[in-house]
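Take a look at the structure set out below.
The values are calculated or read from the model by the stated rules, or taken from the named source; none is laboratory data. Computed from a predicted structure; not experimentally measured. So basically every Cβ, Gly included, is an ideal-geometry build from the backbone, and we count neighbours across all protein chains shown.
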Amino acid sequence: MKIKTSALTGRALDWAVAMAIGAKPVAWEKRGKVLELPNRDYFVAADGYFYTFKPTTDWAQCGQLIEAYKVKSEHSEHIWYASCKRRMLALGRTPQIAICRAVVAAQLGDEVEIPDELVEKSQS
């Protein structure tokens with residue numbers, strides 16, 4: 001399902017970031033879609049037994065995005081802003097969400113194809 005980058009949250013946003021940084025599908029299992037990340041970590045889209053890539057909540061992973069994509073961020077009264085290309089501003093209620101959306105927007109555009117099982121009701 002195509003989702004606006006500005007509406008991505010949770011596992012769907014983690015998936016989109018993985019794709020934006022060059023993850024490759026390696027298997028389609030019963031428990032979910034498996035991606036191999038550039039650093040050889042693995043990411044399972046559904047409720048599998050491994051799910052190691054969560055830049056929306058893991059500062060160590062999000063920090064790597066900031067460095068690799070030269071992401072700038074700032075905070076306003078109730079919202080975070082982030083960008084890594086001129087005129088591409090992403091918003092989020094946390095800095096990690098804004099940073100992840102900025103990377104996805106810069107690499108993949110304003111809309112991203114997300115596996116249906118990752119789309120939360122609020123995103124569709």
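Residues of the stretch 6-20 that are more than 10 Å from P55 (Cβ to Cβ) and among the β-branched types (V, I, T): T9 alone.
Scanning the stretch 92-113 for residues that are touching a Ser or Thr at 6+ places or on another chain (Cβ under 7 Å), hydrophobic (A, V, I, L, M, F, W, C) and over 15 Å from A12 (Cβ atoms) turns up A98, I99, A102.
Of the numbered conditions (1) on the phi > 0 side of the Ramachandran plot; (2) in contact (Cβ under 8 Å) with a residue 60 or more places away in the chain, K70 fails exactly one; give the number of that condition. Single failed check for K70: (2).
Looking at V44, V104 in this structure, which one is β-branched (V, I, T), within 26 Å of D116 (Cα to Cα) and modelled with pLDDT of 95 or more? After ruling out the rest, the residue left standing is V104. Within the stretch 47-67, take every residue that is surrounded by 12 or more Cβ atoms within 10 Å (Cβ to Cβ) and of a type in the set (G, A, S) and give me the one that is modelled with the lowest pLDDT. Across the stretch 47-67, the extreme among qualifying residues is G48.
Across the stretch 55-87, the qualifying residues are those that are assigned to a loop (DSSP other than H, G, I, E, B) and of a type in the set (A, V, I, L, M), and the one among them that is nearest to R101 (Cα to Cα) is V71.
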